[in-house]
2 protein chains.
Amino acid sequence: MRISELSSATGVTVPSIKYYLREGLLPQGELTSANQASYADSHVQRLKLIRALIDVGGLAVATAKDVLGAIDDTSLPLTCVFGIAQRAVSDTSLYEPVEGETDGTRQVRETIDRMGWHVSSDNPGIQGAARVIDTYTRVGHPELAQIWEGYAEAAELIARADLATVARNERLEAMAETVVVGTVLGDALVSSLRRMAQEHISNLQFPAPKE
Amino acid sequence: MRISELSSATGVTVPSIKYYLREGLLPQGELTSANQASYADSHVQRLKLIRALIDVGGLAVATAKDVLGAIDDTSLPLTCVFGIAQRAVSDTSLYEPVEGETDGTRQVRETIDRMGWHVSSDNPGIQGAARVIDTYTRVGHPELAQIWEGYAEAAELIARADLATVARNERLEAMAETVVVGTVLGDALVSSLRRMAQEHISNLQFPAPKE
DNA sequence: AACTATCGGATAGTTGTGCTGTCCATACCG
DNA sequence: CGGTATGGACAGCACAACTATCCGATAGTT
């Protein structure tokens with residue numbers, strides 16, 4: 001398969017494919033001569049995955065490169081892949097360490113205890129959650145900082161579904177990819193479902209007159 | 001309060017404040033003469049809100065302008081503000097309409113029915129969820145498309161917590177802002193909690209040897 | 001009243017990201 | 001054998017979000 005066929009098989013333009021090759025997201029094709037290369041089905045799959053991570057998962061190109069590297073490194077244990085995928089979706093200013101002890105970090109620790117969770121202190125979720133809580137108060141909406149109880153229960157349900165799906169996978173070598181795709185795209189799915197549920201519950205609580 | 005005081009009160013640089021003024025996110029200060037303006041506490045609050053939406057919520061500047069407009073428009077009913085906030089967080093390629101009937105849209109409709117939700121057909125979550133489902137299959141991980149059951153239950157829990165918090169607000173004129181902040185920042189909070197819960201559940205299912 | 005720092009407003013420039021376009025020597029295809 | 005496609009290098013582009021510079025006016029100190 002040559003580059004133009006790879007392009008038409010995936011809908012990605014040839015210049016973009018060349019860009020991903022340059023950036024190291026897509027492995028080089030097998031060179032058949034000085035300036036001819038052939039691409040396999042695995043390149044089609046990889047390219048679809050790249051676009052999924054970038055377009056649907058919202059990852060930056062450089063971040064996508066990192067998680068693809070984690071998928072390819074078969075020596076990495078699964079928990080490690082999880083961590084890399086988590087850090088990838090968390091690759092925004094949101095997750096930069098909050099300096100020192102804040103109300104947010106305190107509340108997050110309390111909730112972790114209450115839920116009986118066992119979470120390592122470098123989990124990016126801790127920083128992210130603490131920052132959101134602190135922001136709620138900062139913008140003058142401390143009432144939102146109490147929204148926790150429902151969210152934490154829900155997060156545990158989600159994580160159970162996540163792990164059950166990963167465990168159900170029979171092909172062991174595909175599990176790393178499942179973990180990455182599930183973690184990165186799962187956020188978008190949860191948000192989308194939240195939008196729908198919000199409208200439903202909102203209709204129950206504030207019934208609008210039919211137009 | 002002059003612009004430099006506004007700057008030091010919020011930690012936002014003077015050029016950035018000028019930029020937000022230009023773009024219409026921050027209302028002009030009251031002109032005391034041809035080239036002197038004074039800013040009030042409301043400007044400090046607004047500026048903090050702007051940075052929260054952009055930095056923590058991840059909104060684009062232009063999108064933040066839209067939701068701020070929705071907060072200010074007191075004639076808008078709350079359900080409308082909800083919709084605008086939802087569309088704001090959904091302002092990525094993820095939510096562009098999927099053309100035609102796909103497996104994803106079919107599965108989303110099924111889930112909506114099963115959950116007994118009442119969701120209008122232009123809810124951005126429908127497009128977003130459908131696209132994620134379709135992407136799961138496209139990248140060769142159809143097993144993830146079954147992750148639904150847990151997610152939908154969890155989304156309903158989250159939405160209940162959201163609505164309960166909004167309803168609990170005593171100041172009616174602040175409810176629109178609560179809705180926006182809760183919707184926009186809530187996604188980040190849910191994702192963060194998901195990261196923590198994932199690590200916890202992952203430790204339960206795949207206990208790692210202590211180093 | 002002079003002087004200096006700061007102001008608002010306008011405009012231009014910078015940085016980073018994610019492509020896209022052009023070029024060229026080579027290679028395949030009819 | 002001639003036209004089209006290829007790989008690779010490099011420059012260019014569009015957009016977003018600032019950031020820097022300049023200007024004449026003004027506020028506050030002296």
Fill in the blank from the handout: Note on A:LEU94: of the conditions (1) more than 9 Å from every other protein chain (Cβ to nearest Cβ); (2) within 16 Å of DNA strand D (Cβ to nearest atom); (3) open to solvent by less than 20 Å² (accessible area, probe 1.4 Å), unmet is (1)
Practice task
Count, please, the residues in the range B:47-62 that happen to be within 16 Å of DNA strand C (Cβ to nearest atom) and in contact (Cβ under 8 Å) with a residue 24 or more places away in the chain.
Solution key: 5
Exercise for the section: Quickly run through the range A:170-194 and pick out the residues that are open to solvent by less than 20 Å² (accessible area, probe 1.4 Å), more than 16 Å from the chain's Cα centre (by Cα) and modelled with pLDDT under 95. Expected result: A:ALA174
Exercise for the section: Could you look through the range B:1-50, keep only residues that are open to solvent by 90 Å² or more (accessible area, probe 1.4 Å) and of a type in the set (Ser, Thr, Tyr), and pick out the one that is farthest from DNA strand D (Cβ to nearest atom)? Expected result: B:SER8
Handout entry: Qualifying positions in the range B:15-41 - within 10 Å of DNA strand C (Cβ to nearest atom) and touching a residue at least 12 places away in the same chain (Cβ under 8 Å)
Key = B:ILE17, B:LYS18, B:GLY29, B:GLN36, B:ALA37, B:SER38, B:TYR39
Completion exercise
Exactly one of B:VAL12, B:VAL44 is part of a helix (DSSP H, G or I), more than 9 Å from DNA strand C (Cβ to nearest atom) and within 14 Å of chain A (Cβ to nearest Cβ), and that residue is B:VAL44
Practice task
Starting from the range A:127-138, keep only residues that are within 16 Å of B:VAL180 (Cβ to Cβ), then list their pairs with residues that are among the hydroxyl-bearing types (Ser, Thr, Tyr) and at pLDDT 95 or above whose Cβ atoms are within a distance under 8 Å, requiring at least 6 positions of separation or different chains.
Solution key: A:VAL132/B:SER192
Practice task
Would you mind telling me which numbered condition in (1) at the interface with chain B (Cβ under 7 Å from one of its Cβ atoms); (2) crowded, with 24+ Cβ neighbours inside 10 Å A:HIS200 fails?
Solution key: (2)
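Could you please let me know if A:ILE112 is under 23 Å from A:ALA88 (Cβ atoms), assigned by TED's automatic domain parsing to the domain that holds A:GLY69 and open to solvent by 10 Å² or more (accessible area, probe 1.4 Å)? First the steps, then the outcome.
Numbers: under 23 Å from A:ALA88 (Cβ atoms): yes; assigned by TED's automatic domain parsing to the domain that holds A:GLY69: yes; open to solvent by 10 Å² or more (accessible area, probe 1.4 Å): yes.
The answer is yes for A:ILE112.
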Exercise for the section: Would you mind telling me which numbered condition in (1) surrounded by 23 or more Cβ atoms within 10 Å (Cβ to Cβ); (2) more than 18 Å from the chain's Cα centre (by Cα) B:GLY150 fails? Expected result: (1)
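Scan the range B:63-82 for residues that are closer than 23 Å to A:ASP187 by Cβ and free of Cβ contacts under 8 Å to residues at least 40 places away in the same chain and jot them down.
Residues satisfying the conditions are B:THR63, B:ALA64, B:ASP66.
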Practice task
Among the numbered conditions (1) in a helix (DSSP H, G or I); (2) open to solvent by 30 Å² or more (accessible area, probe 1.4 Å); (3) within 15 Å of DNA strand D (Cβ to nearest atom); (4) within 25 Å of A:SER202 (Cα to Cα), tell me where B:ALA62 comes up short.
Solution key: (4)
Practice task
For the range A:83-98, enumerate the residues that are more than 15 Å from B:SER191 (Cβ to Cβ) and in a loop (DSSP other than H, G, I, E, B).
Solution key: A:GLU96, A:PRO97, A:VAL98
Problem - Flag for B:VAL81 being within 16 Å of DNA strand D (Cβ to nearest atom), among the aliphatic types (A, V, I, L, M) and within 30 Å of B:LEU25 (Cβ to Cβ) - result: no
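The values are calculated or read from the model by the stated rules, or taken from the named source; none is laboratory data. The shown structure was predicted, so the numbers you read here are calculated from the model rather than taken from an experiment. Positions of Cβ are backbone-derived with ideal geometry, glycine not excepted, and every protein chain shown enters the neighbour counts. Surface areas here come from the heavy atoms of the whole protein model, side chains and all, with no ligands, DNA or RNA. Shrake-Rupley method; radii C 1.70, N 1.55, O 1.52, S 1.80 Å.
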